[in-house]
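The values are calculated or read from the model by the stated rules, or taken from the named source; none is laboratory data. Only a predicted model underlies this, so the values are computations on that prediction, with no experimental measurement involved. Cβ coordinates were reconstructed from backbone atoms using ideal geometry, including for glycine residues, and neighbour counts include every protein chain displayed. Ligands, DNA and RNA are excluded from the accessible area calculation, which covers all protein heavy atoms including side chains. Shrake-Rupley method; radii C 1.70, N 1.55, O 1.52, S 1.80 Å.
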Amino acid sequence: MKALKIIAIISVAMLVVMLLMLGYLFLTAEVTVSVVGAETISAERTADFAQHKDALNNETFIGTIYQKPAQWRASSDYAYVTYTVHVKNGCLVPIELIEVQVVPQPADVAQIGHLQNASLQAKSEGDLSTTILTAAGGSPARELIVSYYVWGVSFQLRTLAGQ
């Protein structure tokens with residue numbers, strides 16, 4: 001009888017320790033996003049503008065089209081803005097498929113697509129970037145939505161960039 005009492009006390013103590021550990025892991029598991037920077041480059045300084053313009057006109061563009069100009073202006077009237085965010089995965093499970101979406105403003109033309117899927121291992125961090133084509137001379141300030149999946153469940157974080 002005394003042996004059963006000792007086993008019961010040890011079992012309850014182990015259960016309490018396991019619940020405390022599970023609670024700690026649950027409370028410390030988070031994904032954080034911070035903006036590293038926003039870099040603006042004139043479209044006339046890159047060779048990609050002609051390719052993107054042709055892809056938009058031929059409907060073969062890979063990415064998100066906000067608006068296709070009815071009449072294209074000179075390349076000096078457009079700019080590429082590249083946003084870089086730092087993502088930290090504090091979870092004990094990997095993040096599958098991370099993407100950054102830019103909330104467009106009226107002057108934005110398109111967000112350039114990436115053919116590679118980004119992921120982040122458990123308890124790690126990394127940088128992720130995305131580029132938009134917009135009218136030159138505008139403010140680079142945009143809202144960014146970082147979407148990611150953990151075990152097939154979608155989550156979103158919002159942040160401001162280019163301020």
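Going by what's in this entry, would Leu25 be described as part of a helix (DSSP H, G or I), touching a residue at least 24 places away in the same chain (Cβ under 8 Å), under 27 Å from Glu143 (Cβ atoms) and among the aliphatic types (A, V, I, L, M)?
no
Do we find that Lys88 is within 18 Å of the chain's Cα centre (by Cα), of a type in the set (Lys, Arg) and either in a strand (DSSP E or B) or more than 16 Å from Leu160 (Cα to Cα) (or both) in this structure?
Spelling it out, Lys88 is indeed within 18 Å of the chain's Cα centre (by Cα), of a type in the set (Lys, Arg) and either in a strand (DSSP E or B) or more than 16 Å from Leu160 (Cα to Cα) (or both).
Report yes if some residue within the stretch 66-79 is among the basic types (Lys, Arg) and touching a Leu at 6+ places or on another chain (Cβ under 7 Å); otherwise report no.
Looking for residues that are among the basic types (Lys, Arg) and touching a Leu at 6+ places or on another chain (Cβ under 7 Å), one finds at least one in the stretch 66-79, hence yes.
So how many residues does the stretch 44-67 have that are loosely packed, with under 14 Cβ neighbours inside 10 Å, in contact with a strand residue (DSSP E or B) (Cβ under 7 Å, 6 or more places away or on another chain) and farther than 21 Å from Ala141 by Cα?
0
Does the stretch 91-137 hold any residues that are touching a residue at least 40 places away in the same chain (Cβ under 8 Å) and of a type in the set (S, T, N, Q), and which are they?
Listed by number, the residues that qualify are Gln101, Gln111, Ser129, Thr130, Thr131, Thr134.
Tell me yes or no: at least one residue of the stretch 106-115 is open to solvent by less than 40 Å² (accessible area, probe 1.4 Å), modelled with pLDDT of 90 or more and among the charged types (D, E, K, R).
yes
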